[in-house]
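Bear in mind that the values in this text are calculations on the coordinates, not laboratory data. Everything numeric in this text was worked out from a predicted model, so none of it was measured. Quick reminder, even Gly has a Cβ in these numbers, built from the backbone with ideal geometry, and neighbours come from all protein chains shown.
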Amino acid sequence: MDAASKKAYVIAITVQVILTGMAVISKAAFNAGMSTFVFVFYRQAAGSILMLPLALFLQRKNAWSMPFPWLLKLFLCALVGNTLSLSLYHVSLKFTSATVAAAAGNSMPVVTFCLALLLRMEVVKLNASGIAKLAGVALCLAGVFAIAFYSGPALSPVNHQRAFHTHASVSGHANASSKTTWIEGTFLMVLANMAWSVSIVWQAALLKELPNKMLVATGLCVFSAVQSFIVAVAVERDFSRWQLRLDVSLLAVVYAGFVVAGVSYYLQAWCLEMKGPVFFAVWTPLCFVLTIFCSSFFLGEIVPLGSVVGGILLVGGLYSLLWGKHKETPAVSRGQVNMRDCAQDEEEHNEPNKYELEEATSASAGEQEV
């Protein structure tokens, strides 16, 4: 394994650790009464404050020469992948738990596959790879329904002395205002991941047109800050909800803005450019495992068994889909190798003719000299 591959593994794991912290700290802030829409604006604004000066300083020549079509694509990608997905994500996080948020993250590749199938960008054949992909979709749906409709016995928290003292102390179906709220929150989380999945694929394609990770990450952050400000002003008319107190709310804004919106977006863009969206998606179950432990330890969440079972089904669906996609790759690679072999054989077959032509040319030149 070369140095670049090792770096990609380290970055992918680092991003999942950062996302784990975001789920836990954001949930603590919402339990403390912070507005979800105001939080989205503050985190995107903080990320813009961090990244915009760096981008203007390091990429000042490229920043001012970006054509309008690229800016429009960045704006739309930020609208779907940042503003819409983050708003849905944080509303659903408020209604459910950090564990559900991390578990639902494993549905992103499956949702992306379903969208590609509906748009006829993906084909399913009745072979091993096709059956594995369909099984992945089925497991993903089973996991979502298990989280939404099955509670089961509660798993006691690891630490009874919570690090974040908030108004809410437990997480589960009983912690939501009603069973309906929990179900709505679960499906809102799936919609958030659907929007995020679309943006991941879109961002990977955008990086091929504009191979500048700094400008792409900064553009997404700045456009999303403007968009989320408009949404927050329209939804939160009580400006007392905009005040930041010196508690976990401020910590959540600083962490989500500077670490998540700033650092992790750049790392994610680097990973997508180097290894592609599938490699990045493989590591999402790590966030689920870490979040179960951290939410129980730091928030004192009582995690329902249904959330754990649903998360395991989602992880199984993820890897079943990725295995099916992987089984398709060798066939394509073998086809490419066979084509190269045929080309080499044809070239070798034509070698004697080339030599004969050279000999005939030399003989003809000798006759002319004589």
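Quick notes
- Only Lys, Arg (+1) and Asp, Glu (-1) charged, at Cβ; segment 3-336 dipole about Cα centre in debye: 640
- Multiplying the residue separation of Leu191 and Asp2 by 0.36 nm and subtracting their alpha-carbon distance yields 64.3 nm.
- For segment 3-336, the Cα gyration tensor yields ellipsoid semi-axes of 30, 28, 17 Å (square root of five times each eigenvalue, largest first, whole Å).
- Using Cβ point charges alone (K and R +1, D and E -1), the dipole size of segment 1-157 about the Cα centre works out to roughly 280 debye.
- Dipole axis of segment 3-336 (+1 Lys, Arg; -1 Asp, Glu on Cβ), positive-most option in Leu188, Leu322, Gly311: Leu322
- If the segment from Lys327 to Leu244 were pulled out straight at 0.36 nm per residue, it would be longer than the present Cα-Cα gap by 24.8 nm.
- In segment 3-336, a dipole from Cβ-located charges (positive for Lys and Arg, negative for Asp and Glu) runs towards its positive end, and of Ala29, Leu290, Val263 it is Val263 whose Cα lies farthest in that direction.
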